[in-house]
Structures are given as structure tokens and as C-alpha cells.
Amino acid sequence: MKIYFLSALPCALYIGGAYFGITDRFERFAEICLKDGLPVRFEPANAQPLSLFLTETLPIDPPAGTEVYLLPDGIAVYAYDFPPKDSLLTPIAQKRLPFGLVSVYFQGGVQVSIESEKGFFNAHLPPCFSTCAIHAATDTIALLEGDNAIALFNGDGEKILEERCLSFSLNGDTLTAVLPLSDRFARVAECEYLLQDGRAIRSAYTLKTAGKNEEDKNGLIAYAFFESVRIGATQTELLSEELKEKSGAIEEFLGNFLHVLPTDDPCVCRFVYPKSPRLFLVRQFTATVENGKITDIVSDR
């Protein structure tokens, strides 16, 4: 079976005691038989290693500190929770906002604390916030700016948005952010979020690409439609006349998915579905695009 390995921190990867290379968010893979029960160790530079065994329980019960994704062509193991080497508290950023005090610090990992009239709240952040700036998005929402990432928290200590981000701007109660979509067509999404009542509601988005040929445009159409379904704003104008009448059935067919992932084929996307804690199913859907309209959608199963 093909096993992909990814990690939240750059790690030296050891499989069966042999060095296999460096992992991060770009996967490495190997053909492995789960019946062999090989040991695997992710070894980061500034944290304790995370170890697990590749057994037949992997696609059923993910090991602690990992997420497992069931792919059409194998399994992906994402290591994210590495024990710290020390527990010293190191301040990163702090700012008093209209609703309270927001502090970002490192203690066994990057964390944020919020002190407001509603209480004291604490949450973990990914390593990209180890350098951070704090902004008042509104009187009730804090915006944390990390390394090519943003996160929004309200005065209740609730994380209402976290995205990789190339750039962003604030205009009143509207946040505009340019989000990268990692694929060979260099696509990005320019999204607008309405910030009201301690919430971030995506109100608009525009997909852009560096490519100019028809294949690129078809890819934008397919991805735009799938993303619109994900956020509950199905763009039926991207469907052929025949499919417009079946838009409700199409939403049911696609199901309750968490993410849309572009692939090297501009009309093929992978959807991430939750199965159980830390376990996800990845399915593949292909859209047929003719004359700027989607005429058919098929799945891999």
C-alpha cells in the first residue's frame, strides 16, 4: 500500500529505523505493507520525536498526535502534535484590544490567550504563528497575523477563521484575503468575509490563475462550483441548463465535505470528508466542462 507522510514541522523521517528524508507539508511516500507493523519516527529539530507503528489499525484508529487521510490511492499520515523539549513560557506578541487583552506566546507550542469581560480563554496555534502581529479586526474580533497565515478570534475565545494567506486588508467590517491554492496553475482565491457579531461570514470570493488557456478556465469553473457548494452558496450559473434543474441532487451527491483540494488535472478535485476523530476520507470528483458550463460530475466510487 502507498503511504504518504506529512508533518506540521520539518522532520527527519525514519521508517523501520532507516532514514527516509525530510517531511513537511509536502508529502513523501513509500510502498508499505501494514501487516509488517513497521515503526515510524518523525524527528523535528526543536521538539520531541513522534513515533508510531504502521499496523492494520492505522486506517481505523489514527495514532495519537496524527491525522490519517484515506486516499483513492493509499493513506496519508499527517503528524502534528509534537511533545515540547521544554515548558518555558516565551512571549511572542501582546496587545490590548477594545474587548480585552490578547497574548500570543510559546509554551510547549504556540498558544494564544484572551482575557475579556467574558472570561479567560486559551487556544493552540500552528507553528506559523511563532512570529505574530495582533490587530483589531473589529471591536469584538482579534486578527492574528502569522507567517503567511491569519487567524480570527472573538471575545469568547472562539477561533472563527484560520487560513493560509498571501495578503489581507481590512475595510470597516469587511476582511479581504488572498488565499493560495497549491497546484500547478498557481491559482489563488480572493475572499471577502463579513465580520459581524463575533463571526466571520464569507460573503464573496474570486478565483484567479496565472494561466490563460482554456484548460485553466475550465479548472476555475470546476473548482469555483465545488467551493460554492462547500460554503452553502451553490453557483448554479456554472451549470448547464440540464444540471441546473438537478442542483439539489448534486449537493446531496457531493455530501458534507470539509475541504476541496485542487489536483494537477484542472477539472478533478479531491474532497475531504470527516469519518471519526482525526480520521478523514478523501474522494475524487471530476467535472466535465463544455462551453464554460459544467455538464457532468462523476466520482471515483
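Tell me which residues, restricted to region 89-125, are closer than 18 Å to A47 by Cβ and touching a Gly at 6+ places or on another chain (Cβ under 7 Å).
H124
I need the full set of residues from region 278-301 which are out of contact with any strand residue (DSSP E or B) (no Cβ under 9 Å at 6 or more places or on another chain) and touching a residue at least 60 places away in the same chain (Cβ under 8 Å), in order please.
Answer for region 278-301, where residues must be out of contact with any strand residue (DSSP E or B) (no Cβ under 9 Å at 6 or more places or on another chain) and touching a residue at least 60 places away in the same chain (Cβ under 8 Å): just G292.
Results for (1) touching an Asp or Glu at 6+ places or on another chain (Cβ under 9 Å); (2) under 25 Å from R164 (Cα atoms); (3) not in a loop (DSSP other than H, G, I, E, B), shown as yes or no for each residue.
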position	(1), (2), (3)
I3	yes, no, yes
I22	no, yes, yes
K35	yes, no, yes
P39	no, no, yes
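Give the number of residues within region 225-273 that are among the polar types (S, T, N, Q) and closer than 21 Å to I75 by Cβ.
Our first condition is that a residue be among the polar types (S, T, N, Q); within region 225-273, this holds for 228, 234-236, 240, 247, 256, 263.
Applying the additional criterion that residues be closer than 21 Å to I75 by Cβ yields 263.
Going through region 225-273 one residue at a time, the tally reaches 1.
Looking for something aromatic (F, W, Y), in a loop (DSSP other than H, G, I, E, B) and more than 26 Å from V40 (Cβ to Cβ) - is there at least one such residue anywhere in region 60-80? Let's see the steps before the verdict.
Within region 60-80, the subset aromatic (F, W, Y) is 69, 78, 80.
Next cut, in a loop (DSSP other than H, G, I, E, B) only: 80.
Still in the list and also more than 26 Å from V40 (Cβ to Cβ): none.
No, every residue in region 60-80 fails to be aromatic (F, W, Y), in a loop (DSSP other than H, G, I, E, B) and more than 26 Å from V40 (Cβ to Cβ).
Out of everything in region 11-46 that is closer than 12 Å to V77 by Cβ and touching a Cys at 6+ places or on another chain (Cβ under 6 Å), what residue ends up being modelled with the highest pLDDT?
F42
Which of the residues belonging to region 242-287 are open to solvent by 30 Å² or more (accessible area, probe 1.4 Å) and among the β-branched types (V, I, T)?
Residue satisfying the conditions is T286 alone.
If you take the residues of region 116-153 that are β-branched (V, I, T) and open to solvent by 40 Å² or more (accessible area, probe 1.4 Å), which of them is farthest from I201 (Cα to Cα)? Walk me through how you get there before you give the answer.
Step one: filter region 116-153 for residues β-branched (V, I, T), giving 131, 134, 138, 140-141, 150.
Those still in the list that are open to solvent by 40 Å² or more (accessible area, probe 1.4 Å) too: 131, 140.
Numbers: T131: 26, T140: 14 Å.
Result: T131.
Would you confirm, using the coordinates I've provided, whether A8 is surrounded by 17 or more Cβ atoms within 10 Å (Cβ to Cβ), within 26 Å of the chain's Cα centre (by Cα), at pLDDT below 95 and within 16 Å of L58 (Cβ to Cβ)? Give the steps one after another, and end with the answer.
Numbers: surrounded by 17 or more Cβ atoms within 10 Å (Cβ to Cβ): yes; within 26 Å of the chain's Cα centre (by Cα): yes; at pLDDT below 95: yes; within 16 Å of L58 (Cβ to Cβ): no.
So A8 fails the test.
Taking the criterion of being more than 22 Å from the chain's Cα centre (by Cα), under 22 Å from D173 (Cα atoms) and of a type outside the set (K, R), would at least one residue in region 120-133 satisfy it?
Our first condition is that a residue be more than 22 Å from the chain's Cα centre (by Cα); within region 120-133, this holds for 120-121.
Okay, now just the ones that are also under 22 Å from D173 (Cα atoms), so none.
No.
Looking at (1) modelled with pLDDT under 85; (2) surrounded by fewer than 16 Cβ atoms within 10 Å (Cβ to Cβ), find the lone condition where L207 falls short.
Tallying (1) modelled with pLDDT under 85; (2) surrounded by fewer than 16 Cβ atoms within 10 Å (Cβ to Cβ), L207 fails exactly one: (2).
Of everything in region 48-61 that's farther than 19 Å from F20 by Cα and aliphatic (A, V, I, L, M), which residue is surrounded by the fewest Cβ atoms within 10 Å (Cβ to Cβ)?
We begin by selecting, within region 48-61, every residue farther than 19 Å from F20 by Cα; these are 56-61.
In the following step, the residues that additionally are aliphatic (A, V, I, L, M) were identified as 58, 60.
Numbers: L58: 23, I60: 12.
So the residue we want is I60.
The values are calculated or read from the model by the stated rules, or taken from the named source; none is laboratory data. Everything numeric here is computed off the predicted structure, so don't read it as measured data. Using ideal geometry, Cβ is built from the backbone for each residue, glycine included, and neighbour counts are taken over all protein chains shown. Note: accessible area is taken over every heavy atom of the protein model, side chains too, but ligands, DNA and RNA are not part of it. Shrake-Rupley method; radii C 1.70, N 1.55, O 1.52, S 1.80 Å.
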